[in-house]
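Visitor: My questions will all concern the structure given below.
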Amino acid sequence: MSNAKHSPDLLFEVSWEVCNKVGGIHTVISTKAQTVTRKFADRYVLLGPDLSHEGVNPEFEEDPNLLKAWRQSLYNEGIRVRVGRWKIKGEPTVVLVDFSSLIPRKDEILKSLWESYHVDSISGQWDYIEPVLFGWAAGVVIASYVETFGTPAEKAAAHFHEWMTAAGGLYLRNHAPYIATVFTTHATVMGRCIAGNRLPLYNDLPKFNADELARQFNVTAKHSIEKMAATYHDAFLTVSDITANECKYLLGREPDAVTPNGFENDFVWSGDEYYTKRDEARKAMITVAEACLGEKFTGDPLIVGTSGRYEFRNKGIDVFIESLKQLAASDRLRREVLAYITVPAGNRGPRVDLQAHLADPSKPIDGSQYKYSTHYLENATWDPIVNALKNSNLTDPGSKVKVIFVPTYLNKADGIFHKDYYELLVGMDITVFPSYYEPWGYTPLESVAFSIPTVTTTLAGFGIWVDKQREHAGVEVIRRDDYNDKEVEAKIADTLLRFSLLDEKHVNEQHTSAYEISLTALWEHLFAAYEQAYSEAVESSIVRTNRAVLDDG
């Protein structure tokens, strides 16, 4: 068990997604921050990139008085930072690092990573170099902070997420070896590449030569720094058993521990507010669909949803659409089904005819527009979702299954719904996330948090994790491998058909069960895995630097 003596006195956490929402890691760190802040208070400091040239950062509140003298000393070392609070629950201390001053030193930094760790940066473009400079700068900042505010008896740990920050841990190992370093990979560079290029990732995993493939796919630099980060941090972590296996073969090191992603459910409505939001969402989704399609639903349709990044195969959007075609072809389907695909894609804004019609129903819909989308698509001809729907039974006038594509971020500024994603999610009956490549999978977890039953697969970290829980009615986990797409499509269609036939009592049981599963995934239960990892990293750094530690006992 964890040795409390080795838990760090100072904790730093570094990610490209601190105060910068790009994807799931933002959810991991921002929801966990509340629990960490409760335990560490001001001894916990987050570091993110200062991308202030992109305008005001809505998530960051600068505090010019915080750590003023120290900021000045950093400035003298040639690194500019802004210090303040992240505007989330817990309001943790954040240092935004401006790495642009390191650009003139980039060759020297890349050379040093080659000499110390054989990180091969030769082929790296700007999308590689910028994160490496950020990681390195973050390392410099952490070393300076510990030197300024730490005492010799205190133990410090620095946690780096993804290859984009890896240079920081490598910097510390050389320049401030007494700071314990932790590295988490959420998805390996090569795993994502192999899956995205339709090679059988899971079947052939032991046979792949990752370095050779990295050259082929032109990601040598990113793969190289990730591999060295896995090798040279005191603790190497990942978020699920499925990614742990990927790391073993593609990075050549098995992770020291798996730290499942938790979350906070304080944003989930309850009581009357929940039902009001649910009614509003259903009404909005039905109204918009009826306007787009130019036809009315006869009863209350079963609303099915999927969402996430637009990775047509990796996120299983392809099998989801195929399963809807099977469902539409079933003579056992009694109820109308309305399927929403909310996946951001290239678009030129909301449809003006749809906006006008929603504001005033006497204004007609423009019949020349693509009717299955709420927004103007940039490239309808090449769009995989559009092409999957084309000439299928889902576009037949009499089809019991209707599909609406919302190709934009739902953040209240979409121009059609004026709601955020959760405000639509709460109105759905069931969600489907049949991922092929999904290191964790926040979307099904968010779904059950809002009491919405969900379908996921054994290739999603969350799916595997749920399968280990004793009871999980409310989450259907479908077995998926490299070759069984057809089986997966049939299973999803069958699950949706069965769900559409349930009576109210059984539907309510599914809602309750879904919610109960989400409670097991709260950070208060899952943060312990991080605490254990931090203790072990500190212990490893003590052994590595061969220093005597004063016994607190």
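Visitor: Scanning the stretch 138-162 for residues that are modelled with pLDDT under 95 and of a type in the set (A, V, I, L, M, F, W, C), which turns out nearest to Arg253 (Cα to Cα)?
Guide: My answer is Ala153.
Visitor: Say whether the condition of being more than 16 Å from Ile404 (Cβ to Cβ) and either outside the structural domain of Asn393 (by TED's automatic domain parsing) or not aliphatic (A, V, I, L, M) (or both) is met by at least one residue in the stretch 282-296.
Guide: No, that holds for no residue.
Visitor: Looking at the stretch 70-114 only, could you name the residues that are acidic (Asp, Glu) and surrounded by 14 or more Cβ atoms within 10 Å (Cβ to Cβ)?
Guide: Within the stretch 70-114, Glu91, Asp98 meet the criteria.
Visitor: I'd like the residue in the stretch 278-330 that is in a helix (DSSP H, G or I) and of a type in the set (Asp, Glu) and, out of all such residues, is surrounded by the fewest Cβ atoms within 10 Å (Cβ to Cβ).
Guide: The extreme case among them is Asp279.
Visitor: Identify all residues within the stretch 415-430 that are more than 23 Å from Arg498 (Cβ to Cβ) and part of a helix (DSSP H, G or I); write none if there are none.
Guide: Residues satisfying the conditions are Tyr421, Tyr422, Glu423, Leu424.
Visitor: Scan the stretch 492-508 and give yes if some residue there is closer than 24 Å to Pro260 by Cα, among the hydrophobic types (A, V, I, L, M, F, W, C), in contact (Cβ under 8 Å) with a residue 40 or more places away in the chain and out of contact with any strand residue (DSSP E or B) (no Cβ under 8 Å at 6 or more places or on another chain), otherwise no.
Guide: No.
Visitor: Name the residue, out of Lys400, Lys468, Lys390, that is basic (Lys, Arg), under 25 Å from Leu327 (Cα atoms) and without any contact (Cβ under 8 Å) to a residue 24 or more places away in the chain.
Guide: Of the residues listed, the single one that is basic (Lys, Arg), under 25 Å from Leu327 (Cα atoms) and without any contact (Cβ under 8 Å) to a residue 24 or more places away in the chain is Lys390.
Visitor: Oh, and also: Going through Asp414, Asp420, Asp396, Asp429 one at a time, which residue ends up being assigned by TED's automatic domain parsing to the domain that holds Asn347, acidic (Asp, Glu), touching a strand residue (DSSP E or B) at 6+ places or on another chain (Cβ under 7 Å) and farther than 19 Å from Glu273 by Cα?
Guide: Asp414
Visitor: Could you say which residue among Gly299, Gly305, Gly349 is within 24 Å of Arg278 (Cβ to Cβ) and touching a Phe, Trp or Tyr at 6+ places or on another chain (Cβ under 9 Å)?
Guide: On inspection, the qualifying residue turns out to be Gly305.
Residue-wise test of (1) at pLDDT below 90; (2) within 23 Å of the chain's Cα centre (by Cα); (3) assigned to a helix (DSSP H, G or I).
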{"site": "His53", "(1), (2), (3)": "yes, no, yes"}
{"site": "Tyr75", "(1), (2), (3)": "no, no, yes"}
{"site": "Arg85", "(1), (2), (3)": "no, yes, no"}
{"site": "Glu91", "(1), (2), (3)": "no, yes, no"}
{"site": "Val97", "(1), (2), (3)": "no, yes, no"}
{"site": "Lys111", "(1), (2), (3)": "no, no, yes"}
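Visitor: Still on this structure: Looking at the stretch 126-141, which of the residues that are in contact (Cβ under 8 Å) with a residue 24 or more places away in the chain, surrounded by fewer than 24 Cβ atoms within 10 Å (Cβ to Cβ) and not hydrophobic (A, V, I, L, M, F, W, C) is nearest to Ala167 (Cα to Cα)?
Guide: Pro131
Visitor: Find all pairs meeting these conditions: Cβ atoms under 7 angstrom apart; at least six residues apart or on different chains; first residue within the stretch 408-424 and touching a residue at least 40 places away in the same chain (Cβ under 8 Å); second residue part of a loop (DSSP other than H, G, I, E, B) and among the acidic types (Asp, Glu).
Guide: Here the result reads Thr408/Asp414, each pair linking the stretch 408-424 to a residue that is part of a loop (DSSP other than H, G, I, E, B) and among the acidic types (Asp, Glu).
Visitor: What number of residues within the stretch 397-416 satisfy the criterion of being at pLDDT 95 or above and more than 13 Å from Ile341 (Cβ to Cβ)?
Guide: Number of matching residues: 5.
Visitor: Working carefully through the options Thr181, Thr185, Thr220, Thr165, find the one that is touching a His at 6+ places or on another chain (Cβ under 6 Å) and either of a type in the set (Lys, Arg) or at pLDDT 95 or above (or both).
Guide: Every option except Thr181 fails the conditions.
Visitor: Against the condition crowded, with 17+ Cβ neighbours inside 10 Å, under 23 Å from the mean Cα position of the chain (by Cα) and at negative phi, how does Ile542 come out, does it pass?
Guide: no
Visitor: From the list Leu354, Leu338, which one is over 30 Å from Lys486 (Cβ atoms) and crowded, with 21+ Cβ neighbours inside 10 Å?
Guide: Residue meeting the stated conditions: Leu354.
Visitor: Mind listing whichever residues of the stretch 169-198 are over 19 Å from Pro255 (Cα atoms) and within 23 Å of the chain's Cα centre (by Cα)?
Guide: Hits for the stretch 169-198 are Cys193, Ile194, Ala195, Gly196, Asn197, Arg198.
Table: residues versus (1) of a type outside the set (A, V, I, L, M); (2) closer than 21 Å to Glu162 by Cβ; (3) outside the structural domain of Glu154 (by TED's automatic domain parsing).
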{"residue": "Leu47", "(1), (2), (3)": "no, yes, no"}
{"residue": "Pro58", "(1), (2), (3)": "yes, no, no"}
{"residue": "Trp70", "(1), (2), (3)": "yes, no, no"}
{"residue": "Ser73", "(1), (2), (3)": "yes, no, no"}
{"residue": "Asn76", "(1), (2), (3)": "yes, no, no"}
{"residue": "Val83", "(1), (2), (3)": "no, no, no"}
{"residue": "Val94", "(1), (2), (3)": "no, yes, no"}
{"residue": "Pro104", "(1), (2), (3)": "yes, no, no"}
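Visitor: When you go through Ile404, Ile452 one by one, which is the residue that is closer than 21 Å to Leu497 by Cα, assigned by TED's automatic domain parsing to the domain that holds Ser330 and in a strand (DSSP E or B)?
Guide: Just a single option satisfies the conditions, and that option is Ile404.
Visitor: Within the stretch 461-495, track down each residue that is outside any loop (DSSP other than H, G, I, E, B), surrounded by fewer than 17 Cβ atoms within 10 Å (Cβ to Cβ) and not charged (D, E, K, R).
Guide: Ala490
Visitor: So which of Ala143, Ala167, Ala157 is touching a helix residue (DSSP H, G or I) at 6+ places or on another chain (Cβ under 9 Å), in a strand (DSSP E or B) and within 14 Å of Val14 (Cβ to Cβ)?
Guide: Just one listed residue meets the conditions, Ala157.
Visitor: From Thr381, Thr395, which residue is among the β-branched types (Val, Ile, Thr), farther than 25 Å from Phe462 by Cα and either in contact with a helix residue (DSSP H, G or I) (Cβ under 8 Å, 6 or more places away or on another chain) or surrounded by 15 or more Cβ atoms within 10 Å (Cβ to Cβ) (or both)?
Guide: Thr395
Each row is one residue, and each column tells you yes or no for (1) closer than 18 Å to Tyr437 by Cα; (2) of a type outside the set (Asp, Glu); (3) touching a Gly at 6+ places or on another chain (Cβ under 8 Å).
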| site | (1), (2), (3) |
| --- | --- |
| Tyr178 | no, yes, no |
| Thr188 | yes, yes, no |
| Asn203 | yes, yes, no |
| Glu212 | no, no, no |
| Thr231 | no, yes, yes |
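The values are calculated or read from the model by the stated rules, or taken from the named source; none is laboratory data. From a predicted model like this one, the values you see are computed outputs, not experimental measurements. Every residue, glycine as well, gets a Cβ built from its backbone with ideal geometry; the counts of neighbours run over all protein chains shown.
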